[in-house]
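Chemist: The structure under discussion is supplied below as C-alpha cells; questions concerning it will follow.
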Amino acid sequence: MKDSKFIGKKIVTLAFASVFVLSSFIATSCTSIPETVPDDPHQIVQLAQNATDHGNTKLARFYYEQLLEKHGNEADIYIEANYELAHLDIKAKKYADAVPRLDQILYIYDNVAPGVLPGKFKKLAAIDLAKVPEAEAARIRAEKEAAEKEAAQKQAGSQSDDQSEIQE
C-alpha cells in the first residue's frame, strides 16, 4: 500500500514538473517580434537586455539589430550593439559570427583617441575573443580574408570590364 502511494506521489510530481516545463517553454517561445521599436536608444538597449535576461536571444538580437539600424551612426552605440550581438554569438558558440565583430570592435578602439568610446567594451570584447579557441579564430580570420580578396578581385575585374566597354 505504501509503495502505491509513493508511486502515485511520484507520478503527480512528474506531471506537475512536466506541465511547468512545458508552460515555461511555450511562454518563452511564443514571444513575438514587435512591430514597432522605440526611438530612444537607451530604451532599445533595456528591451534587449530584458529579452536576454529572460533567455529570449532571438528577441534580444532583434533589438540590437534595430539599435544598429536606427542609431548605428553613433560610435558608442555601434560599439555596444555589435559587442552585445557578438556576446550572444559567443554564448551560442557561433564563433564565425562573433570573431569578425569582436575583431572590428578592437580595431576601432586601436584607431580612435583614448576616451572617445566607453572603455568597458574594449575589455569585454577581448575577454570574449579569448573564449574562442585560437585555431578556430585563425581559421575564421583566414576565411574572411580570402572572401574579401575574392570580392576585391571580382570588383576589380568588373571595373576593368566597364573600362574596356567605355573605350570601345
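For every residue, the table says whether it meets (1) closer than 18 Å to residue 78 by Cβ; (2) surrounded by 12 or more Cβ atoms within 10 Å (Cβ to Cβ).
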residue: 94; (1), (2): no, yes
residue: 110; (1), (2): yes, no
residue: 118; (1), (2): yes, yes
residue: 122; (1), (2): yes, yes
residue: 127; (1), (2): no, yes
residue: 134; (1), (2): no, no
residue: 137; (1), (2): no, yes
residue: 143; (1), (2): no, yes
residue: 146; (1), (2): no, no
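Chemist: Tally up the residues in the range 102-143 that are in a helix (DSSP H, G or I), more than 18 Å from the chain's Cα centre (by Cα) and among the small types (Gly, Ala, Ser), please.
Modeler: So the answer is 3.
Chemist: Still on this structure, please answer the following. Kindly list the number of the only condition in (1) at pLDDT 95 or above; (2) over 30 Å from residue 40 (Cβ atoms); (3) not small (Gly, Ala, Ser) that fails for residue 100.
Modeler: Residue 100 satisfies all of (1) at pLDDT 95 or above; (2) over 30 Å from residue 40 (Cβ atoms); (3) not small (Gly, Ala, Ser) except (2).
Yes/no matrix, rows are residues, columns are (1) closer than 16 Å to residue 90 by Cα; (2) over 15 Å from the mean Cα position of the chain (by Cα); (3) modelled with pLDDT under 95:
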{"site": "39", "(1), (2), (3)": "no, yes, no"}
{"site": "43", "(1), (2), (3)": "no, yes, no"}
{"site": "46", "(1), (2), (3)": "no, yes, no"}
{"site": "52", "(1), (2), (3)": "yes, no, no"}
{"site": "60", "(1), (2), (3)": "yes, no, no"}
{"site": "65", "(1), (2), (3)": "no, no, no"}
{"site": "68", "(1), (2), (3)": "no, no, no"}
{"site": "74", "(1), (2), (3)": "no, yes, no"}
{"site": "77", "(1), (2), (3)": "no, no, no"}
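Chemist: I'm checking my understanding of the structure. Among residues of the range 29-82 that are hydroxyl-bearing (Ser, Thr, Tyr) and in a loop (DSSP other than H, G, I, E, B), which one is least open to solvent (accessible area, probe 1.4 Å)?
Modeler: 31
Chemist: In the range 83-92, what residues are within 14 Å of residue 127 (Cα to Cα), surrounded by 15 or more Cβ atoms within 10 Å (Cβ to Cβ) and not acidic (Asp, Glu)?
Modeler: Residues satisfying the conditions are 83, 86, 87, 88, 90.
The values are calculated or read from the model by the stated rules, or taken from the named source; none is laboratory data. In this text the structure is predicted, and so the values were computed from the model without any measurement. Don't worry about glycine lacking a Cβ; one is built from the backbone with ideal geometry, like all the others, and counts go over all protein chains shown. Just so you know, the surface numbers come from the protein's heavy atoms only, side chains and all, with ligands and any DNA or RNA stripped out. Shrake-Rupley method; radii C 1.70, N 1.55, O 1.52, S 1.80 Å.
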